[in-house]
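Input: a single structure, listed below in structure tokens.
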């Protein structure tokens, strides 16, 4: 088990005590602290790891009345029962940084839900890497070139297939879908990978994929980009969360929509509701990076302080 | 004194009691309720009026430990001391609907501030009417035609000069500037009116303004639109809140920025900070209307519930 950061925050409005746990014995320590301090003092367990292994300790912490702040998507994207348990005291958990880093996506959707305005659809470009790739393709470049450039610029994971598979986008989409009340899991999401299984990591190395595999995608993608352009559209890699379920993959969007105008690596989310019906509420900005993710986590922690205000 | 709505909400998570006050004796009743219930029960005073007259009762209510939710901009835009007093217990006041109606502008700026990310600049198109006017001008139409069409569509105030003066935008800008910590007042904001004083309401009636006055603006505005276009820019009526102060008026913005791409009556706000330095955090959507304003007020009320959660 590897925990990048497990950060506990005790007190109301003051950083009383801070400790980084990165060893397995951390679990025992966290539960000890939660048992003693969870319900009364405002203990916040912050999970900035990228593992499923923290689910157990997080559920225990919630049971003890602790608050939880997550940048880690995985505890919210495993079994639906775990999501339900973690969010059973909804005001005690915050997870802004799981979708679009510090962008106020979760906070905004939560506000819309709280106001009783029914959300009908969320459409988002939630991968900076794929956002960059798609806007470069629009300029007539080949996907093999664009992915290699993106890798050289440090925009991709070490194996770019981790981005191209769409799985990270699917996790974010699942969190948004569950936030809207959909009782679904990863297997209910239709995820379109940008590479076929015969170019997958089980079949060839990252080097082989980059040197020979990737070029095999050029023709098909180029055709789709051109076909979209003929219809006045552009191709984007998006998640669509609607009343009929959740899809992740390539989609044609109007050139003059917020998604269609997107350039570079910014994330963009369009939220449609009764109040934002014809023209969506749009949130756009950098959706990745250490700074913005940390800012989102910190804002979440601060936001929890209301639960532990002293009433004068 | 006219109070459109003064709404009190007692209890935690339930709408326990609701009353609409619209007579002067309301002030006494509100203070009576605040004295008895303010500090302990989560009494929320909601001001959806459009008057300065509520400032006194709101300050008294805050003194008694009540929460306050505002859609009314005026209590936050009068004397700086009043703003300071009203926001002295910052977690007990919410005013999302004062800027961009239900759009999560205040919530997002507050989150960024809470995370310690210094906001360097906010640029916004915060008038749906002026947003519509400016995007129509871009298509080569005359301002006299566009304003008349906007009035016919119900987009403007009964006297369109109330929109064209920029004062409503200035109030929103002042709220954002004060939120960023600037100790300024309306008189410190440089507001550019779209009509000169010789076409003002003291000089001519609304009918005269529409029938003869307005056309006098056509030539100057047309020249500015063309000059901007020659530089690859478009003209927008914006507020700019920076470290050097606060301006409201016409400004050239790049055609391919969020502000430059704006069409129709949507509001758009660009927030620049250390995390969102080269590419801003952008929030866009309908920024006016009964539904969205009410949704913003309701979300604010619900958001206050954390202050009165029962700790199990």
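Give the residue, chosen from A:239, A:246, that is touching a residue at least 40 places away in the same chain (Cβ under 8 Å), crowded, with 24+ Cβ neighbours inside 10 Å and either more than 9 Å from every other protein chain (Cβ to nearest Cβ) or touching a strand residue (DSSP E or B) at 6+ places or on another chain (Cβ under 9 Å) (or both).
Answer to the check: A:239.
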Check your understanding: Out of all the residues in the stretch A:275-312, which are within 7 Å of another protein chain (Cβ to nearest Cβ), surrounded by fewer than 20 Cβ atoms within 10 Å (Cβ to Cβ) and farther than 29 Å from residue A:44 by Cβ?
Key -> A:279
Review point. When both residues are 6+ apart or on different chains and their Cβ atoms are under 6 Å apart, which pairs have a first residue that lies in the stretch B:208-233 and is assigned by TED's automatic domain parsing to the domain that holds residue B:152 and without any contact (Cβ under 8 Å) to a residue 24 or more places away in the chain, and a second that is surrounded by fewer than 18 Cβ atoms within 10 Å (Cβ to Cβ) and part of a helix (DSSP H, G or I)?
Key: none
Practice item. Please report, ordered by residue number, the helices (runs of 4 or more DSSP H) entirely within the stretch B:1-120 with at least 1 residues that are closer than 30 Å to residue B:277 by Cα, at pLDDT 75 or above and touching a strand residue (DSSP E or B) at 6+ places or on another chain (Cβ under 8 Å). Key: B:74-77, B:105-114
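Would you check if residue B:42 is on the phi > 0 side of the Ramachandran plot and touching a helix residue (DSSP H, G or I) at 6+ places or on another chain (Cβ under 7 Å)? It would help to see each step written out before you state the result.
On the way: on the phi > 0 side of the Ramachandran plot: yes; touching a helix residue (DSSP H, G or I) at 6+ places or on another chain (Cβ under 7 Å): yes.
Spelling it out, residue B:42 is indeed on the phi > 0 side of the Ramachandran plot and touching a helix residue (DSSP H, G or I) at 6+ places or on another chain (Cβ under 7 Å).
Per-residue answers, yes or no, for (1) more than 18 Å from residue A:183 (Cβ to Cβ); (2) buried (at least 18 other Cβ atoms within 10 Å of the Cβ); (3) more than 12 Å from every other protein chain (Cβ to nearest Cβ):
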residue: A:63; (1), (2), (3): yes, no, no
residue: A:75; (1), (2), (3): no, yes, yes
residue: A:78; (1), (2), (3): no, no, yes
residue: A:89; (1), (2), (3): yes, no, no
residue: A:104; (1), (2), (3): yes, yes, no
Study note, to complete from the structure: Of the conditions (1) under 23 Å from residue A:165 (Cβ atoms); (2) at the interface with chain B (Cβ under 10 Å from one of its Cβ atoms), the single one that residue A:253 does not satisfy is (2)
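When the stretch A:279-294 is examined, which residues are found to be in contact with a strand residue (DSSP E or B) (Cβ under 9 Å, 6 or more places away or on another chain) and over 20 Å from residue A:131 (Cβ atoms)? Working first, answer last.
Residues of the stretch A:279-294 that are in contact with a strand residue (DSSP E or B) (Cβ under 9 Å, 6 or more places away or on another chain), as a first pass: A:279-288, A:292.
The one that is in contact with a strand residue (DSSP E or B) (Cβ under 9 Å, 6 or more places away or on another chain) and over 20 Å from residue A:131 (Cβ atoms): A:279.
Residues in the stretch B:257-274 that are without any contact (Cβ under 8 Å) to a residue 40 or more places away in the chain and at the interface with chain A (Cβ under 8 Å from one of its Cβ atoms): how many?
Keep residues of the stretch B:257-274 that are without any contact (Cβ under 8 Å) to a residue 40 or more places away in the chain, which gives B:257-258, B:260-261.
Those left that are additionally at the interface with chain A (Cβ under 8 Å from one of its Cβ atoms): B:258, B:261.
So the answer is 2.
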Check your understanding: Which number in (1) out of contact with any strand residue (DSSP E or B) (no Cβ under 9 Å at 6 or more places or on another chain); (2) closer than 30 Å to residue B:114 by Cα marks the one condition that residue B:170 misses?
Key -> (1)
Revision key, fill the gap. Considering the stretch A:126-150, residues that are in contact with a strand residue (DSSP E or B) (Cβ under 6 Å, 6 or more places away or on another chain), more than 13 Å from chain B (Cβ to nearest Cβ) and farther than 22 Å from residue A:211 by Cα, and then whichever is modelled with the lowest pLDDT, we arrive at A:138
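Each row is one residue, and each column tells you yes or no for (1) buried (at least 23 other Cβ atoms within 10 Å of the Cβ); (2) within 14 Å of the chain's Cα centre (by Cα); (3) on the phi > 0 side of the Ramachandran plot.
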site: B:136; (1), (2), (3): no, no, no
site: B:148; (1), (2), (3): no, no, no
site: B:168; (1), (2), (3): no, yes, no
site: B:174; (1), (2), (3): yes, yes, no
site: B:178; (1), (2), (3): no, yes, no
site: B:184; (1), (2), (3): no, no, no
Exercise for review: Taking residue B:162 as meeting all but one of (1) free of Cβ contacts under 8 Å to residues at least 12 places away in the same chain; (2) farther than 21 Å from residue B:97 by Cα, write down the number of the exception.
Suggested key: (2)
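Hand me the list of strands (runs of 3 or more DSSP E) wholly inside the stretch B:219-312 holding 1 or more residues that are more than 24 Å from residue A:274 (Cα to Cα) and either modelled with pLDDT under 95 or in contact with a helix residue (DSSP H, G or I) (Cβ under 6 Å, 6 or more places away or on another chain) (or both).
Values: elements: B:233-242, B:245-254, B:266-273, B:281-286.
Passing ranges, in order: B:233-242, B:245-254, B:266-273.
The values are calculated or read from the model by the stated rules, or taken from the named source; none is laboratory data. Keep in mind it's a predicted model, so treat the numbers as computed, not measured. In this analysis, Cβ positions are derived from the backbone assuming ideal geometry, glycine residues included, and neighbour counts consider all displayed protein chains.
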